[in-house]
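Down below is the structure, laid out as structure tokens.
The values are calculated or read from the model by the stated rules, or taken from the named source; none is laboratory data. These figures come from a predicted structure and were not determined experimentally. Cβ placement follows ideal geometry from the backbone for every residue including glycine, while neighbour counts extend to all protein chains displayed.
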Amino acid sequence: MTAGVFLIDSFCLGLKDSTFRFNMDPQELDNFINDSFRGVTMKETDYVTVHNLIYGAIEFAEEAGCSPDKSFNITRYILSPDTEDIPLVQFDFGKDGKHLLIANRRTELDYYLPKLKKYLGDDFRYVCNMDEYTPASWFPDIDTPPMEQYTYKPHGYPSTVSLSHPELMALFSDEEYNFGFPDDILDRILGISHPELCQDIEQMALWRIGTSLSEIASGKDDYSSLLTHCVFFLGELGFEKSLPVILEILRQNDDFLVYNFGDASSEIFIPTLYLLGKDNLDAFDSYLHEPGLCTYARALLFSAVSMIPHFQPERRTEVIGWFRNLLVFYRKNLPERICCDGTLVGLLMHSLLDINAVELLPEIKAIYDTGLVDTLSCGDYSDILADIDKDQEYPEYKEYSLDIRDRYKQFSKWDS
């Protein structure tokens, strides 16, 4: 007996996982089903229904830019080819005709939102369940609030570079190393004088911003890992003077970030932001007080700052004060969406939950009282009040390593 198992999200994401078992006898098949689906009510149906559910969910997800899990490269052969030989059965995917993203963690929300925004605009809904869900929280009858308008005008990027080590350009652009370098090359790069290496990488990063913008404007789709490598290495080198380069990358719009970093912006940027900015929160402040930047790029800084009390617990009071000032600033500017919007404040709440910021409950309540916080991403004030003093099951600061070798190892999962 051969069995295929396909996990589909009919609301938004399509095929999330799949697996198969080959050459089982009937008893092995029974054991496999009992072990895999203990406590699940099983319902027998015909092949045509299953086929249309799987391929229909995949097609619906692709409208939002979401591809089936890479396991489908193999498990698709368990299914019949998706041709006219299979009768078409129509199913209603999504919720009320719209894609509904149901995220169980902040990192999952950050992973998918930029992509959905790119492909669907505002024509979708999302929910982030921070704790046990209730049916009402899955299908709220409210719309996502409007976001701050992006107005930043990129300028001044070099059209050429003059590198002390020109071989770096070829290495950082080589498709073979899109998801990391072997140890011997990594050691060779890190063996370069660190000030020289830092200067070369900063030049390449600024140059790549300009060339990316030109490629996007001309309609090209020519992925390069160069900027990802730059962000990783600048974090590893740890020169605080490199922080403005990282922040300039994060001044770019959604299209730029998706073009260069896909869905991996959180793990690419957050550890580097922590390493370069943990002792320069004023630079973070200046960036966050600039109007017209990308909401999701801004939110990466919250996560980086929330790592500080984890690695430097003696600085908790300082970090709480920094977040307090930010909440006061956002409370004032949220009605006009200047430097913030309801989605950004909602994403901020996740970082405050991660560090159990009970000291900030008065400021949190004040900003909720505006009625402008996006509760779809973080819940309402009662949810915050119930969870803020609890240990979070998956605090984001535990997601990331600060060592470049471990970071590349984690990043390699994107290599499909």
Next item on the list: Test Ile192 against the criterion of being of a type in the set (Val, Ile, Thr), touching a Ser or Thr at 6+ places or on another chain (Cβ under 9 Å) and not in a helix (DSSP H, G or I), and give yes or no.
Entry: yes
Notebook entry, point to check: Does Phe323 meet the test of being in a helix (DSSP H, G or I), out of contact with any Asp or Glu (no Cβ under 9 Å at 6 or more places or on another chain) and either under 30 Å from Val245 (Cβ atoms) or assigned by TED's automatic domain parsing to the domain that holds Lys241 (or both)?
Noted result: no
Check: Scanning segment 353-404 for residues that are part of a loop (DSSP other than H, G, I, E, B) and among the aromatic types (Phe, Trp, Tyr), which turns out modelled with the highest pLDDT?
Finding: Tyr400
Check: Which residues, counting only those in segment 252-267, are in a loop (DSSP other than H, G, I, E, B) and either surrounded by fewer than 19 Cβ atoms within 10 Å (Cβ to Cβ) or within 12 Å of the chain's Cα centre (by Cα) (or both)?
Finding: Asn253, Gly262, Asp263, Ala264
Checklist line | helices (runs of 4 or more DSSP H) wholly inside segment 16-123 containing at least 2 residues that are over 21 Å from the mean Cα position of the chain (by Cα) | finding: 26-36, 47-62, 72-75
Next item on the list: From Asp82, Asp92, Asp96, grab the single residue that is touching a helix residue (DSSP H, G or I) at 6+ places or on another chain (Cβ under 6 Å) and either surrounded by 13 or more Cβ atoms within 10 Å (Cβ to Cβ) or more than 15 Å from Lys16 (Cβ to Cβ) (or both).
Entry: Asp82
Margin query: Give me the helices (runs of 4 or more DSSP H) completely within segment 268-317, filtered to those with at least 3 residues that are among the β-branched types (Val, Ile, Thr), ordered by residue number.
Written below: none
Check: When only residues in segment 42-58 that are of a type outside the set (Val, Ile, Thr) and in contact (Cβ under 8 Å) with a residue 24 or more places away in the chain count, which is nearest to Lys118 (Cα to Cα)?
Finding: Ala57
Next item on the list: Determine whether Leu163 is assigned to a loop (DSSP other than H, G, I, E, B), among the hydrophobic types (A, V, I, L, M, F, W, C), touching a helix residue (DSSP H, G or I) at 6+ places or on another chain (Cβ under 7 Å) and modelled with pLDDT of 95 or more.
Entry: yes
